[in-house]
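Comments concern the structure below.
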Amino acid sequence: MLAKRKLGGQGLEVSAIGLGCLGMTQAYYGPADDAESIATIHRAIDLGCTFFDTAESYGPFANEALIGRALKGRRERVTIATKFGFKFNYGSEGGVAFDSRPKSIRAAVEGSLRRLATDRIDLLFQHRVDPAVPIEDVAGTVGDLVREGKVLYFGLSEAGVGVLRRALREHPVSALQSEYSLWERNLEADVLPALRELGVGLVAFSPLGRGFLTGEAKRAEDYPEGDYRRNDPRYQGSAFDANVKATAIVQAIAAAAGVKPAQIALAWALHKSADIVPIPGAKRRRHLEENVAAAAVALDAAQIAALDEALGPGRIAGQRYPDVAMAAIDR
């Protein structure tokens, strides 16, 4: 069974590896299969992987509903994290916009509670910082929801240090969710030191580099239409070639240890600090089991140093998102 890790100083404990559920209902990484996804969730619980990450925007809404169905009769055994913060526009132009107005937060929470078939959200994240709404108003609204028992803990996603500090003056923040992996090290200069100083945990999404660190990546154009990786800058052109070379060390260390490259990538994140909880995505039991097994992979100081050197900041080619998504990150 997986060990537990603490996120923040408010009492939140979660499994050392969580399960990112995004891909279960969106064709980012191949077609959805509800039956297999639900079986994967059930298998995760059996293995002690009991921290599930979803969001109202995943689908939208369909992911929370799937999680709610999967956890029927199992709710008390798990920790659920979900997110608010987008306004969904189904008009002629489509698309999304930020919306963290207090009344919208309340509406989002009521919708999430209904879809998740639960009476409380264990960890509620603001999905992206809304520049039109003071973070103090956001934190205050979530604080009210905590006092009402509808939310237990508060988190921010992709927020910068300044926003985090301001939020903390209004209400405790247990976790920051952000991309962090061997492949993406942007937090190390400023954000990680601030998290340690402030006693805030890190929930690390995309700890496998959206699949690149598994050693099975293909060029962007080799993925089917609708797959996220077709538009990922790091999967395209010369960046892909450079990144294959840069990440070869992960495969080399995995081969020497007799484990999977993905397990080396997750073990690296787990070794970095006891307050980091990676949430690799998986919608098949086979991948879930491999990910959970990474908790038993030991890396020595020399291996960690070699990984840090080969994949340090600036060693990966291409930005981590297309421009429009990069603009939504508060850094």
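Just so you know, all these numbers are worked out from the coordinates, no wet-lab data involved. Treat the numbers as computed from the prediction; the structure is a model and nothing was measured. Heads up, the Cβs are rebuilt from the backbone with ideal geometry, glycines too, and the neighbour counts pull from every protein chain shown.
Can you tell me how much longer the chain between Arg219 and Ala252 gets when fully stretched, taken as 0.36 nm per residue apart minus their C-alpha distance, in nm with one decimal?
9.8 nm
Along its principal axes, what span do the Cα atoms of region 43-160 show, with the longest given first and each in whole Å?
Principal-axis extents of region 43-160 (Cα, largest first): 42, 36, 25 Å.
Please work out how much length the chain gains when fully extended from Arg114 to Arg69, using 0.36 nm per residue of separation minus the C-alpha to C-alpha distance, in nm with one decimal.
Value of the extension gain: 15.1 nm.
Hey, can you rank 299-308, 11-20 by average C-beta count inside 10 Å, highest first?
11-20, 299-308
On a 0 to 90 degree scale, rounded to 10, what angle separates helix 161-170 from the longest Cα axis of the chain?
30 degrees
Using only the alpha-carbon atoms, how far is helix 261-272 inclined from the longest principal axis of the chain? Give it as 0 to 90 degrees, nearest 10.
So the inclination is approximately 60 degrees.
Would you mind counting up the charge near Val133? Only other residues with Cβ under 14 Å from its Cβ, with Lys and Arg at +1 and Asp and Glu at -1.
0
Based on C-alpha coordinates, I'd like the Rg and Dmax of the chain, in Å.
For the chain, the Cα-based Rg and Dmax read 18.8, 55 Å.
Could you derive backbone 3J(HN,Hα) for region 134-139 from the dihedral phi with the Karplus parameters 6.51, -1.76 and 1.60 (θ = phi - 60°), listing whole Hz in sequence and x where the residue is Gly or Pro?
Per-residue couplings from phi come out as x, 4, 4, 5, 5, 5 Hz.
Note down the relative contact order for the chain as a percent, whole number, built from C-alpha pairs under 8 angstrom at least six residues apart.
21 percent.
With r defined as the distance between the Cβ atoms of Glu197 and Glu309 and R0 fixed at 22 Å, what FRET efficiency is calculated, to the nearest 0.05?
Given R0 = 22 Å and the Cβ-Cβ separation, E is 0.25.
If I histogram all Cα-Cα distances within region 151-302 using bins 10 Å wide from 0, what percent of pairs lands in each bin?
10, 35, 34, 18, 3
Work out from phi, with θ = phi - 60° and the Karplus expression 6.51 cos²θ - 1.76 cosθ + 1.60, the ³J(HN,Hα) of each residue of region 140-146, listed in order in whole Hz, and give x for Gly and Pro.
Whole-Hz 3J(HN,Hα) from phi for region 140-146: x, 5, 5, x, 4, 5, 5.
With runs of 4+ DSSP H residues as the only contributors, calculate the mean residue ellipticity of the chain at 222 nm using -39,500 (n - 2.57) per run, divided by the residue total and rounded to the nearest 500.
Here the helix-only value at 222 nm equals -11000 deg cm²/dmol.
Compute the signed sum of charges (Lys and Arg +1, Asp and Glu -1) over the other residues within less than 13 Å, Cβ to Cβ, of Ile253.
-2
Could you estimate the translational diffusion coefficient of region 151-214 from the Stokes-Einstein equation, with Rh from the Kirkwood formula over C-alpha pairs, at 20 °C and 1.002 mPa s, in whole µm²/s?
175 µm²/s
Which whole-number percentage describes the relative contact order of region 1-83, with Cα contacts under 8 Å and a sequence gap of 6 or more?
Worked out over region 1-83, it gives 30 percent.
Comparing Val142, Val203, Val244, which has the greatest mean-square fluctuation in the GNM of the chain with Cα pairs linked when under 10 Å apart?
Val244
In the chain, what percentage of the DSSP-assigned beta bridges are antiparallel, given to the nearest 5?
25 percent
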